[in-house]
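A.B. asks: Provided herewith is a single structure, encoded as structure tokens, for subsequent inquiry.
The values are calculated or read from the model by the stated rules, or taken from the named source; none is laboratory data. This structure is a prediction, so every number in the text was calculated from the model and none was measured. Ideal geometry is used to build each Cβ from the backbone, glycine not excepted, and the neighbour counts take in all protein chains shown. Calculation scope for accessible area: heavy atoms of the full protein, side chains included, ligands and nucleic acids excluded. Shrake-Rupley method; radii C 1.70, N 1.55, O 1.52, S 1.80 Å.
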Amino acid sequence: MNRASSWKETLLSLLEDLPPTLCPYISSISIDGTSATTLIIDSTTGEPLCKPFLYNESCPDALPFVTSLAPENHTVCAGSSTLSKLVSWWNSHNSDKGNAILMHQSDWLLWLLHGKLGVSDYNNALKVGYDPETESYPSWLVSQPFSYLLPTVKPPGTPIESIKEDMRKQFGFPKDCVVCTGTTDSIAAFLAAGATLPGKAVTSLGSTLAIKLLSTSRIEDSRFGVYSHRLDDKWLVGGASNTGGAVLRQIFTDDQLELLSQQINPLVASTLDYYPLPAYGERFPIADPNMQPRLHPRPENDVHYLHGILESIARIEAKAFGLLKELGATEVEEVYTAGGGAKNEAWRKIRERVLGIPVRRAEHTEAAYGAALLALKGACQ
């Protein structure tokens, strides 16, 4: 419950930090949030009915039912899918169901601004079972008793409503400022990077490692945690591994990461073989909720240790792109890097060597820039 409160407080804090001279010119707002971070909300108050389900939280208790319900290898057939979280909540709560509604992290934060409950976008709604190709929920999902919790779905960047009057007055926004549907953090990072041709990919190195490859083919295979997001007439194929910045911060401080990275020779391969995870469980390119982190043996030299971890994460990234090709996606030709890890030049060179293709830092590396582009799209509608 405290997590939801902290997200709300952070949003309001960010809005308060906007220069007052700019607020009257803000025409639209959108927000990106972590994929599959799920809230069950009281539709009368807008308050959470339980603690939020985080993106990497698995609900194995719900998986047998979900896999029996959905088509084989569907995106929802994973313990960490939004649908698994919804089913787990539904089965464990006997009361307070009548007024419940499902919302994703960015849906709920946007609701705080526009006041219209139950609106999502087709990127966030993918992992609850929404089909972006037919632009509808499938019949096998609509027929379930909990289907009334599912939100209305619109394309990302669609105007929902003008900003609430109390919010408008509090922050000095204009009366015609509109709040638009959002997207997931990795989709926003892809939009920010500006990759527009099939074969171009964006790896977002944040707390996790999220991969998105622009493809002419739609690929879905829950065995490997692979799914496709719609992007106009093409498909963003990929998935998100639990490896990434979160595990690095468990071991090193930001200052240590910067100092040690400067001492790594990225042109020399590390002989250390790890599978860095912040806790047990992996989603992509291996879907195994019981997978254990592998971070040993640890050498005495921290430069060698960090080198081994960064190289191991690069190998996971290479395995992910290789898997996408095997499954029929457009072959990757170039990778743009977004997120906090994009600043690490040694890591970029390691990844370029391991992947064997150009790896560049995206001109715009923050997912928030992609959300702003969606807001611009909404302002022009």
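A.B. asks: Hand me the list of helices (runs of 4 or more DSSP H) wholly inside the range 99-212 holding 3 or more residues that are farther than 30 Å from Val247 by Cα.
C.D. replies: 105-114, 139-142, 165-171
A.B. asks: Report, by residue number, each residue of the range 264-288 that is of a type in the set (Asp, Glu) and either open to solvent by 60 Å² or more (accessible area, probe 1.4 Å) or assigned to a loop (DSSP other than H, G, I, E, B) (or both).
C.D. replies: Result: Asp273, single match.
A.B. asks: Considering every residue within the range 245-253, establish whether at least one is part of a loop (DSSP other than H, G, I, E, B), out of contact with any strand residue (DSSP E or B) (no Cβ under 8 Å at 6 or more places or on another chain) and without any contact (Cβ under 8 Å) to a residue 12 or more places away in the chain.
C.D. replies: Yes, that holds for at least one residue.
A.B. asks: Still on this structure: Which one of Ser28, Ser81, Ser106 is surrounded by 24 or more Cβ atoms within 10 Å (Cβ to Cβ) and touching a helix residue (DSSP H, G or I) at 6+ places or on another chain (Cβ under 6 Å)?
C.D. replies: Just a single option satisfies the conditions, and that option is Ser81.
A.B. asks: Could you check Val87 against (1) touching an Asp or Glu at 6+ places or on another chain (Cβ under 8 Å); (2) surrounded by 22 or more Cβ atoms within 10 Å (Cβ to Cβ); (3) at pLDDT 95 or above and say which number it fails?
C.D. replies: (1)
A.B. asks: Checking the structure you have, find out if any residue of the range 289-300 is touching an Asp or Glu at 6+ places or on another chain (Cβ under 7 Å), of a type in the set (A, V, I, L, M) and not in a helix (DSSP H, G or I).
C.D. replies: Yes, the range 289-300 contains at least one residue that is touching an Asp or Glu at 6+ places or on another chain (Cβ under 7 Å), of a type in the set (A, V, I, L, M) and not in a helix (DSSP H, G or I).
A.B. asks: Right, another one. Would you please list the contacts, defined by Cβ atoms under 8 Å and residues six or more apart or on different chains, that run from a residue in the range 281-307 that is more than 14 Å from Thr271 (Cα to Cα) and touching a residue at least 12 places away in the same chain (Cβ under 8 Å) to a residue that is open to solvent by less than 40 Å² (accessible area, probe 1.4 Å) and among the aromatic types (Phe, Trp, Tyr)?
C.D. replies: Glu282/Tyr275; Met291/Tyr275; Pro293/Tyr275; Arg294/Tyr274; Arg294/Tyr275; Asp302/Phe252
A.B. asks: Looking only at the range 165-197, filter to residues that are closer than 30 Å to Phe321 by Cα and surrounded by fewer than 17 Cβ atoms within 10 Å (Cβ to Cβ); which one of those is modelled with the highest pLDDT?
C.D. replies: Going through the qualifying residues, I end up with Leu197.
A.B. asks: Identify, by number, the condition in (1) buried (at least 21 other Cβ atoms within 10 Å of the Cβ); (2) at pLDDT 95 or above that Gly341 doesn't meet.
C.D. replies: All conditions pass for Gly341, except number (2).
Residue-by-condition table, conditions (1) closer than 21 Å to Glu363 by Cβ; (2) touching a helix residue (DSSP H, G or I) at 6+ places or on another chain (Cβ under 7 Å):
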site	(1), (2)
Pro198	yes, no
Leu213	yes, yes
Asp221	no, no
Leu231	yes, no
Ser241	no, yes
Gln250	no, no
Asp254	no, no
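A.B. asks: Let me ask you something else. Output the number of residues of the range 109-167 satisfying the condition of being under 21 Å from Leu14 (Cα atoms), among the small types (Gly, Ala, Ser) and within 18 Å of the chain's Cα centre (by Cα).
C.D. replies: Final tally of qualifying residues: 1.
A.B. asks: Out of all the residues in the range 134-151, which are polar (S, T, N, Q) and open to solvent by less than 20 Å² (accessible area, probe 1.4 Å)?
C.D. replies: none
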